[in-house]
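Here the structure is laid out as structure tokens; the discussion comes afterwards.
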Amino acid sequence: QVQLVESGGGLVQPGGSLRLSCAASGSIFSLNPMGWYRQTPGKQRELVASITGATRRNYADSVKGRFTISRDNAKNTVYLQMNSLKPEDTAVYYCFINLGGTTIWGQGTPVTVSS
């Protein structure tokens, strides 16, 4: 059974950077889409970024040009480099992987952008 373990969240000042990591255990393939959603209280979970294979990337408009998603298939790990962070990026970030008809979620890692 595939499990996801996230790390890298925390407190950062506006304009700062953080890198989130998500390591998958179990059998996965590079063509299984992986990525990140985020959620704030009272709002629906929203897609931040996803990656399929090595190069097919998708970003929310609100993070384009600031966030970069990448993947190390040898380590079954996906990364989210977040630069120029804004207070509105504050949320719990959830890693996910799509395995055919099933989506597996990580436990979530909080990101707080505040001075």
(message) Restricting to the stretch 1-38, count the residues that are within 25 Å of Thr112 (Cβ to Cβ) and in contact (Cβ under 8 Å) with a residue 60 or more places away in the chain.
(response) 22
(request) List the strands (runs of 3 or more DSSP E) that sit entirely inside the stretch 1-94 and contain at least 1 residues that are open to solvent by 20 Å² or more (accessible area, probe 1.4 Å), over 15 Å from Thr109 (Cβ atoms) and at pLDDT below 95. (result) 18-25, 46-52, 56-59, 67-72
(message) Anything in the stretch 56-82 that is under 27 Å from Gln1 (Cα atoms), touching a residue at least 12 places away in the same chain (Cβ under 8 Å) and either touching a helix residue (DSSP H, G or I) at 6+ places or on another chain (Cβ under 7 Å) or hydrophobic (A, V, I, L, M, F, W, C) (or both)? List them, or say none.
(response) Ile69, Val78, Leu80
(request) Mind listing just one residue for me: the one in the stretch 1-55 that is touching a Leu at 6+ places or on another chain (Cβ under 9 Å) and of a type in the set (Lys, Arg) and, of those, nearest to Gly100 (Cα to Cα)? (result) Arg38
(request) Could you run through the stretch 52-74 and say how many residues are under 20 Å from Ser84 (Cβ atoms) and among the aliphatic types (A, V, I, L, M)? (result) 3
(message) Just to be sure I understand the filter: pairs with C-beta atoms under 9 Å, separated by 6 or more residues or on different chains, first member in the stretch 83-106 and more than 16 Å from Ile69 (Cα to Cα), second member part of a strand (DSSP E or B) and of a type in the set (Asp, Glu). Which pairs pass?
(response) Ala91/Glu46; Gly106/Glu6
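The values are calculated or read from the model by the stated rules, or taken from the named source; none is laboratory data. None of these values were measured; they are calculated from a predicted model. Neighbour counts run over all protein chains shown; Cβ positions are idealised from the backbone, glycine included. To get the accessible areas, we keep the full protein, side chains included, count just its heavy atoms, and leave off ligands, DNA and RNA. Shrake-Rupley method; radii C 1.70, N 1.55, O 1.52, S 1.80 Å.
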